[in-house]
Amino acid sequence: MKRQYTIHIISHTHWDREWFLNSPFVNEWLVEFFSSLFAMLEKELEYRFVLDGQTLMIEDYLNEVKRRGQDRDACLSRLRRYVREGRLLVGPYYLQPDWQLVSGESLIRNLQIGRRIACRLGGCLQVGWLLDNFGQISQAVQIHSTFGMKGLFLWRGVEMNPEEVRSEFLWESPDGSILPAVYLLDSYRNAMRLSEHPDLFAERVRSEVEKLKPFSGR
C-alpha cells in the first residue's frame, strides 16, 4: 500500500528590521507589505499567515502609517480582526534576537512583552519561532515551557548524528523540560515565491517533499 503524506505549507514572512539597511528605511516597506497581506486575507477566507514570531514589526507598521498621515486606528482595527479570527498569527516575541548574544533576562522580557502585545491584539502564537538564530541555547525549551508554549520551530543550531537526522524530534533542556520541535532542514524559505511561477508550483512542492521525506518521522 502506497504511503500517504500530509504536506503543510506555512505562509509567513521573515522580517529583518535592521540588516542591510537601518530600520527607518526598511519600515517604509511595511505599509505596502501589510496592504498586500490584508488583500490576500480578504480574498482567501481560509488563508492563515505567521507574522515572523514578533510584534515589533506591527508597532513599526502602525508608526509608519501614522507618519504618512493615514488612519492608524483603522489599520489597528483590521489587524485585530484577523488576529481574533485566527488567520493572522502574532507573537510570541517582541523582536527576534539572536538567542546566543543576549542575556537570559532579555530573552524572558522579550517573551513577556511580545505575549502581552499579541494578547491585546486578540491572541498569541503558542509555539516558539526560532527560524533565523545562528545556533541555539540549551535553555530554549525551558524558557518556552515556562510560558506554556506547545512546541518550537527552528532552523540552525541542531546537533544530530548524520544517520539520525530527523525533521521532528523531542527537544530537552538540562532541567528536564521537553517540547516537540520541527527542524526546518531546508531552511524557512524552501517554498519561497511559489505563486510567482504557477507553472512550476506543483513540481517545486513535489521536489521539496521528496527531499524531506527521508527525514520525517511519519
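Just so you know, all these numbers are worked out from the coordinates, no wet-lab data involved. What you see is a predicted model, and the numbers here were worked out from it, not measured in a lab.
When the P(r) of the stretch 126-218 is calculated, the portion above 16 Å amounts to 60% of the C-alpha pairs. Per residue, the average separation of C-alpha pairs within less than 8 Å and at least 6 apart gives the chain a relative contact order of 14 percent.
In a fully extended conformation the segment linking Ile7 and Val158 would gain 52.1 nm over its present Cα-Cα distance, using 0.36 nm per residue.
For the stretch 52-61, the Karplus equation 6.51 cos²θ - 1.76 cosθ + 1.60, evaluated at θ = phi - 60°, returns couplings of 6, x, 9, 9, 4, 5, 5, 4, 5, 4 Hz by residue, with Gly and Pro reported as x. Mean-square fluctuations from a GNM of the chain, with a 10 angstrom spring cutoff on Cα atoms, peak among Glu18, Glu203, Glu164 at Glu164. Take the chain, connect every pair of alpha-carbon atoms lying under 10 Å apart with a spring to form a Gaussian network, then pick out the residue of Trp155, Trp15, Trp29 with the largest mean-square fluctuation. Fluctuation is largest for Trp29. Taken over the C-alpha atoms, the chain has Rg and Dmax values of 18.3, 61 angstrom. When the chain is treated as a GNM, springs tying every alpha-carbon pair under 10 Å, which of Val50, Val158, Val182 comes out with the largest mean-square fluctuation? Result: Val158 has the largest fluctuation of those listed. All distinct Cα pairs of the stretch 1-125 go into the 1/r average, and the inverse of that average, the Kirkwood radius, is 15.7 Å.
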